[in-house]
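First the structure, in the form of structure tokens, and then the observations on it.
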Amino acid sequence: MNKFKLVLVFLVVFTAYGSLLAEERILFGASTRWAKDYYPLLFEKVKKEIGLDLSLVKIEDYDELDRQIKRGKINIAHLSPIEYVRLKNELGNQIQYFLTVCRGKEMNYESSYRGLVVSKISSEYKNIDDLKSKIVGYKSKSSGSGYIYPIAMIKLAGFNPETHFSKLVKLEDGVLQALDAGSIQAAFISNSMFNPQKHQIIGQTDPIPLGPWIIIKGIDEVTQTKLKKMLMGIPKDDPVFIKGPDFGGFIDANDAFYDSIRKYEK
């Protein structure tokens, strides 16, 4: 009987200990590009310095990330700014702002970017008016720089995008390739994609805040404070930030930082 009780106690303790270990593994949702190119080194550093195991869940597109968040499948996520505003409107306090990603050294560590309307540098299209009855490509209707802000800018300039252009074409991965090939006459892109050797700017948006990290569930306030302090304390020249212009650290802003996007979401 005593042996039975001892085994039972061991099983209960072991199960509880296993649950604690499982809870220490934090699932982090991010787009495939960020998960592949930017976060592995950073997450190794987080685990080494504060013992928090951030496990990447690679997400192919914004819609899938939304679904994973709503299903409670991940604990933290890196969202696009548009995605954050829409989910915050829908889920309210179920998601919590944490930090905002900054650009790298090549982009002066900016915490915002712009959407551009570009054409080939050799083309005759120099402004929005020149694009009358032309084909314009975009990446995604949920993208700030790739659709929402350029469309808003064009409307504010007095044009109706649905009638001014002959066609708006969704090109998830190949919008600049299509522009260079001549199958479209202009494209909506982020300023980080702009190549002045190949393209010219014929319109640009107001600054767009960069995307935030959000907390969804499963991380207590003490751990959040520890993680935020560690991330904010990483030097700008640390190897985790040197790969490309898109990632150079974090700023601790707040939910109101994204009010400029809400203006266009109304």
Is it true that Tyr125 is over 22 Å from Asp206 (Cα atoms) and modelled with pLDDT of 95 or more? no
Return the residues of the range 51-85 that are among the charged types (D, E, K, R) and touching a residue at least 40 places away in the same chain (Cβ under 8 Å); say none if nothing qualifies. Asp61, Asp63, Lys73, Glu83
Out of Lys126, Lys155, report the one residue that is more than 13 Å from the chain's Cα centre (by Cα), surrounded by fewer than 19 Cβ atoms within 10 Å (Cβ to Cβ) and free of Cβ contacts under 8 Å to residues at least 24 places away in the same chain. Lys155
If you check Val117 against the conditions, is it among the β-branched types (Val, Ile, Thr), touching a residue at least 40 places away in the same chain (Cβ under 8 Å) and outside any loop (DSSP other than H, G, I, E, B)? yes
Go through the residues of the range 130-146 one by one and say whether even a single one is modelled with pLDDT of 95 or more, touching a strand residue (DSSP E or B) at 6+ places or on another chain (Cβ under 6 Å) and in a loop (DSSP other than H, G, I, E, B). no
Within the range 161-266, which strands (runs of 3 or more DSSP E) (wholly inside it) include 1 or more residues that are buried (at least 19 other Cβ atoms within 10 Å of the Cβ) and in contact (Cβ under 8 Å) with a residue 24 or more places away in the chain? 186-190, 199-204, 212-215, 249-251
Hey, can you tell me all the residues within the range 196-216 that are polar (S, T, N, Q) and either in contact with a Gly (Cβ under 8 Å, 6 or more places away or on another chain) or within 15 Å of Tyr113 (Cα to Cα) (or both)? Gln204, Thr205
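For every residue, the table says whether it meets (1) modelled with pLDDT of 90 or more; (2) within 23 Å of Gly144 (Cβ to Cβ); (3) over 18 Å from the mean Cα position of the chain (by Cα).
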| site | (1), (2), (3) |
| --- | --- |
| Leu179 | yes, yes, yes |
| Ser190 | no, yes, no |
| Gln200 | yes, yes, yes |
| Gly203 | yes, yes, yes |
| Trp213 | yes, yes, no |
| Leu227 | yes, no, yes |
| Ile242 | no, no, yes |
| Ile251 | yes, yes, no |
| Ala256 | yes, yes, no |
Residue within the range 187-204 that is closer than 26 Å to Ala253 by Cα and hydroxyl-bearing (Ser, Thr, Tyr) present: yes
Within the range 22-40, restricting attention to residues that are modelled with pLDDT under 85 and of a type outside the set (A, V, I, L, M, F, W, C), which residue is surrounded by the most Cβ atoms within 10 Å (Cβ to Cβ)? Ser31
Glu49 acidic (Asp, Glu), more than 16 Å from the chain's Cα centre (by Cα), in a helix (DSSP H, G or I) and more than 24 Å from Lys170 (Cβ to Cβ): yes
Subset of the range 156-179 (residues that are in contact with a His (Cβ under 9 Å, 6 or more places away or on another chain) and farther than 19 Å from Lys132 by Cα): Leu176
Residue check for Lys236: farther than 22 Å from Ile251 by Cβ and in the same structural domain as Glu83 (by TED's automatic domain parsing): no
Have a look at Gly249, Gly211 and point out the one that is on the phi > 0 side of the Ramachandran plot and touching a strand residue (DSSP E or B) at 6+ places or on another chain (Cβ under 8 Å). Gly249
So which residues in the range 40-50 are closer than 21 Å to Gln224 by Cβ and without any contact (Cβ under 8 Å) to a residue 24 or more places away in the chain? Phe43, Glu44, Lys47, Lys48
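The values are calculated or read from the model by the stated rules, or taken from the named source; none is laboratory data. This one's a predicted model, so the numbers in the text were calculated from it and none came from an experiment. Please note: Cβ atoms are built from the backbone with ideal geometry, for glycine as well, and neighbour counts cover all protein chains shown.
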